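Asks: Submitted below is the structure of interest, expressed as structure tokens.
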Amino acid sequence: MSNRLVARRYAKALADLAVKDGNLVKYQEELAEVAALVRSNADVSRLAFYPLLAPAKKAKAFDALLEQGKMSPMVRKFFTVVAKAARLNLVLEIVEAYSGFVDEHTGVVEAQVQSSQPLSGLQTTALASSLAQRTGKTVRLRWQPDPAILGGVKVQVGSTVYDASLQGQLRLLKAKLLSA
């Protein structure tokens, strides 16, 4: 079974518990802190990813770190289960998958925006508003620079691509002229 699928299963289990507790966003914030700790601290990173350390020892050490960080009992218990199952190396994937479940539950969708230049505040607001109307959800924009786009933008929401780039408009025009 792929690591991504395993991580999604753990994240889904925690998300289900969080919905029952009413702590969906709180746990997301705590998981983000855990991910930041793993990314920023080399010792914590080694603890999470080192394969030769016994799972029970990993669980105990990781729980001590989470206790110091004043994490909730549910998050601590969750990571104890993850560590004892020898899946602590998936901590970053679990956090990412959990964020996806939170977005899904709260009606947020992420849109990847590609353009050669960053959008202005007004353009960003207009684009987010337009996409929110089309999708019926709250839209979070994530900009990616693409110097190949000479003008306009390309936006991907899920599997749908909206191509408002100059190249896209020229392709449409060419197709119309060739089919006429």
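Asks: Would you mind ranking 10, 98 by Cβ crowding within 10 Å, fewest neighbours first?
Replies: On the way: 10 21, 98 26.
Arranged by neighbour count, lowest to highest, 10, 98 become 10, 98.
Asks: In whole percent, what relative contact order does region 3-104 give with Cα contacts below 8 Å and a gap of six or more residues?
Replies: On the way: 84 pairs, mean separation 47.5, N = 102.
Worked out over region 3-104, it gives 47 percent.
Asks: Something else now. At 7 Å along the Cα-to-beta-carbon direction for both residue 134 and residue 53, put a label point, then send me their distance in nm to one decimal.
Replies: Placing both labels 7 Å beyond Cα along the Cβ direction yields 4.6 nm.
Asks: Please arrange 135, 106 by how many other C-beta atoms lie within 10 Å of their C-beta, fewest to most.
Replies: Details: 135 15, 106 12.
Neighbour counts put them in this order, fewest first: 106, 135.
Asks: Provide the per-residue ³J(HN,Hα) series for region 65-77, in order, calculated from phi with Karplus coefficients 6.51, -1.76, 1.60 and θ = phi - 60°, each as a whole number of Hz, with x at glycine and proline positions.
Replies: Running phi through 6.51 cos²θ - 1.76 cosθ + 1.60 with θ = phi - 60° gives 5, 5, 5, 4, x, 6, 6, 5, x, 5, 5, 5, 5 Hz.
Asks: Summing -39500 (n - 2.57) over the DSSP H runs of n ≥ 4 in the chain and dividing by its residue number, what mean residue ellipticity at 222 nm do you reach, to the nearest 500 deg cm²/dmol? It would help to have the intermediate numbers written out before the result.
Replies: Values: 8 runs with 115 residues, N = 180.
Calculated at 222 nm, the ellipticity per residue is -20500 deg cm²/dmol.
Asks: Only bridges with both residues in region 103-167 count here: give the DSSP antiparallel percent, nearest 5. Intermediate values should be presented prior to the final figure.
Replies: Details: 10 of 18 bridges.
DSSP beta bridges in region 103-167 are roughly 55 percent antiparallel.
Asks: Continuing with the same structure: Round to the nearest 0.05 the FRET efficiency obtained for residue 159 and residue 2 when R0 = 22 Å and r is the Cβ-Cβ distance. Walk me through the intermediate numbers first.
Replies: Details: r = 20 Å, r/R0 = 0.90.
That pair, residue 159 with residue 2, gives E of 0.65.
Asks: What fraction of the Cα pairs in the chain, stated in percent, has a spacing above 26 angstrom?
Replies: Working: 7625 of 16110 pairs.
Pairs farther apart than 26 Å: 47 percent.
Asks: Using the Karplus equation 6.51 cos²θ - 1.76 cosθ + 1.60 (θ = phi - 60°), what ³J(HN,Hα) coupling, rounded to whole Hz, does each residue of region 8-15 give in order, writing x for Gly and Pro?
Replies: 5, 5, 5, 4, 5, 4, 5, 4
Asks: Normalised by the residues of the chain, what does the relative contact order come to in percent, with Cα pairs under 8 Å and at least six apart?
Replies: Values: 190 pairs, mean separation 35.9, N = 180.
It comes to 20 percent, rounded to a whole number.
Asks: Where does each of 94, 149 land when they are ranked from fewest to most other beta-carbon atoms within 10 angstrom? Present the calculation step by step, with values, prior to reporting the outcome.
Replies: On the way: 94 27, 149 19.
Lowest count first: 149, 94.
Asks: Nearest 5 is fine: what % of DSSP beta bridges in the chain come out antiparallel, could you say? Walk me through the numbers on the way to the answer.
Replies: Working: 10 of 18 bridges.
Among the beta bridges of the chain, antiparallel pairing accounts for roughly 55 percent.
Taken together, the values in this text are just the output of simple stated rules run on the coordinates, not laboratory data. Keep in mind that what you see is a predicted model, and the values were worked out from it rather than measured. Neighbour counts are summed over all protein chains in view; Cβ atoms, including those assigned to glycine, are modelled from backbone coordinates with ideal geometry.
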